[in-house]
Amino acid sequence: MAFNKIDDNILKAIIAIAGEEVVITGHADLEKYSHDETEDLSYYPEVVVKPRSAEEISALLKLCNEHMIPVTPRGAGTGLSGGALSVMGGLLISMERFNQILSIDEQNLQATVEPGVITEVFMNAVAEKGLLYPVDPASKGSCFIGGNVSHGSGGPRVVKYGTIREYILNLEVVLPSGEILWTGANTLKYASGYNLTQLMIGSEGTLGIITKIVTKLIPHPTNDALMLASFPSNESACEAVSAIFRAGIVPSAVEYMERKCFEWVKAYNGVQFDLKDEDAAFLLIEVDGTDNEVIFAECEKINLVLEGFGCKDVLFADSAAKKAELWRIRRTIGESVKINSVYKKEDMVVPRAALPQLVKGIKEIGNKYGFDSVCFGHAGDGNLHLNIIQGSMSDADWNDKLNTGIVEIFELTVSLGGTISGEHGIGLVQKEFMPIKYTDVHFELWRGIKKVFDKNNILNPGKIF
């Protein structure tokens, strides 16, 4: 399907809808919207517009539908799959001015929020009222909640509290045709036809543009304990994860980090930590609740489990500052790698008992093709983040052979019962790997859904499939 360029008449119409002060056309000003956090990709939109209402977005989409202009919705630009890149040019709609928390309903434990609100700002606002929104991706201090919804984002506390899908009750969405609708109801149960709310979650801006979000909230736990356990091997650390749950304990977070994570963070982020020669891997384990006696009893039980997997040292964070420092190590791993190496980030998920086989296989595949890797992730739910490091791999091999290695990693992932993205989404960079997991029937159904919502394929074209 052929798209058209934005000519002077269409530009005038865009300005008439949103106002000249929020329309960007200069090449230098467009630069910040030409990339996200996905490696070194850059695609410039022709025009950026920053609307403030669903009605403005409706008018913009009607205009673009009529004139066959591709439209890319964009949140904070923190994505890792190229989902917010204007690969076809056209109009980029930035949601940065949709930045209001509209209501926090303490009676029904829910909130209504606009998609451009920073996730951590929202979390802190509800926490002040004794409530918890537990979806906390690593970029929570900069990412938008709308982007989290669009990508099905997660974070460390999915393991206890569930994914973002459990916390989104209803969405106001503008369809590519310009129609504005609510996808569901502000209720905890929903059995009224196809669930459009769930369909929109993880759709990566290909079916509609989200303009309001109704979230479920829960009471905020009053206490927590954090422990860092060291292990003699990656496999022993990963094997311990499943054993914790089999012992009847559900921590609020179980994060896996191999030794290299600490080495990179120490070297490039200024974190002080005493690494022992025998420390090959770590688990960062958080237990939360309301009763400190129960929490510490569970920590003791976890400690006994860990000893069975060669754990020799468990550090208990005995202050808020120490907890923050340990979480800082975990949350800055990706940043430490990114700013200091040629790298490629992958995100896969397997049943958590399969994590030891996945990590072992990744290292073997790396040795086969000559690349290094830094592995870490949300071990409690089987979600592994992989930073592939060029290291001594030649530029020619990096460009020509790396993809073959990545295919083998994803084939391993699928053979273990997993899939190729746990929370980063597919976007632009992962779509070539989708056939490893999904069949022609899946693609036929997806394309059919896309066609119903977006018959002219104007909305975020070139993504997912």
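The values are calculated or read from the model by the stated rules, or taken from the named source; none is laboratory data. All of these numbers come straight from a predicted model, not from anything done at the bench. So basically every Cβ, Gly included, is an ideal-geometry build from the backbone, and we count neighbours across all protein chains shown. Please note that ligands, DNA and RNA were not included when accessible areas were found on the heavy atoms of the full protein model with its side chains. Shrake-Rupley method; radii C 1.70, N 1.55, O 1.52, S 1.80 Å.
Using Cα-only point scatterers and the Debye equation, what is log10 of I(q)/I(0) for segment 229-276 at each q in 0.23, 0.27 Å⁻¹, rounded to two decimals?
For segment 229-276, the Cα-only Debye profile gives -0.89, -1.02.
Using unit Cβ charges (K, R positive; D, E negative) and no other charged atoms, how large, in debye to the nearest 20, is the dipole of the chain about its Cα centre?
Rounded to the nearest 20 debye, it is 720 debye.
Which shape class applies to segment 35-78: rounded if a/c is under 1.5, otherwise prolate when a/b exceeds b/c and oblate if not, where a ≥ b ≥ c are the square roots of the Cα gyration tensor eigenvalues?
Oblate, because a/c is 1.5 or more while a/b does not exceed b/c.
With every protein chain left in place, what is the accessible area of Asp313 in Å² (1.4 Å probe, nearest 10)?
My reading of the accessible area for Asp313 is about 60 Å².
Rounded to the nearest 10 Å², what accessible area does Trp398 have for a 1.4 Å probe in the complete protein model?
40
So if the hydrodynamic radius of segment 1-44 is defined as the Kirkwood radius over C-alpha pairs, what does Stokes-Einstein give as its diffusion coefficient at 20 °C and 1.002 mPa s, in µm² per second?
For these conditions, the coefficient is 173 µm²/s.
To the nearest 10 square angstrom, how much accessible area does Phe3 have with a 1.4 angstrom probe?
Approximately 50 Å² for this residue.
So how do Lys322, Lys312, Lys368 rank on accessible area, 1.4 Å probe, biggest first, that is with the largest at the start?
Reading off the accessible areas and sorting them downward yields Lys312, Lys368, Lys322.
On the accessible surface of the chain, probed at 1.4 Å, how many percent belong to carbon and sulfur atoms?
Carbon-and-sulfur percentage of accessible area, whole number: 51.
Ignoring GluC sites (Glu not before Pro) that are buried or in helix or strand per DSSP, and keeping those with at most 13 other beta carbon atoms within 10 Å, what is the longest stretch of the chain between them?
Free of exposed loop sites, the longest segment is 279-465.
Find out how many positive minus negative residues lie around Gln357, taking Lys and Arg as positive, Asp and Glu as negative, among other residues whose Cβ is under 14 Å from that of Gln357.
-2
How big is D for segment 84-148, in µm² s⁻¹ as a whole number, if Stokes-Einstein is applied with the Kirkwood radius of its Cα pairs at 10 °C and 1.306 mPa s?
123
Which value, to two decimals, describes the C-alpha radius of gyration of segment 315-362 once divided by 2.2 N^0.38 Å?
Scaled against compact globular proteins, the figure is 1.55.
Roll a 1.4 Å probe over the protein chains and send me the accessible area per residue for segment 257-413 in Å².
With all protein chains present, segment 257-413 gives 44 Å² per residue.
Only four residue types carry charge here, +1 at the Cβ of Lys and Arg and -1 at the Cβ of Asp and Glu. Report the dipole size of segment 1-57 about the Cα centre in Debye, rounded to the nearest 20.
Using Cβ point charges on Lys, Arg, Asp and Glu, segment 1-57 gives about 240 debye.
With just the Cα atoms defining each centre, how far is segment 158-172 from segment 325-342? Give it in Å.
Taking the Cα centre of each part, segment 158-172 and segment 325-342 sit 26 Å apart.
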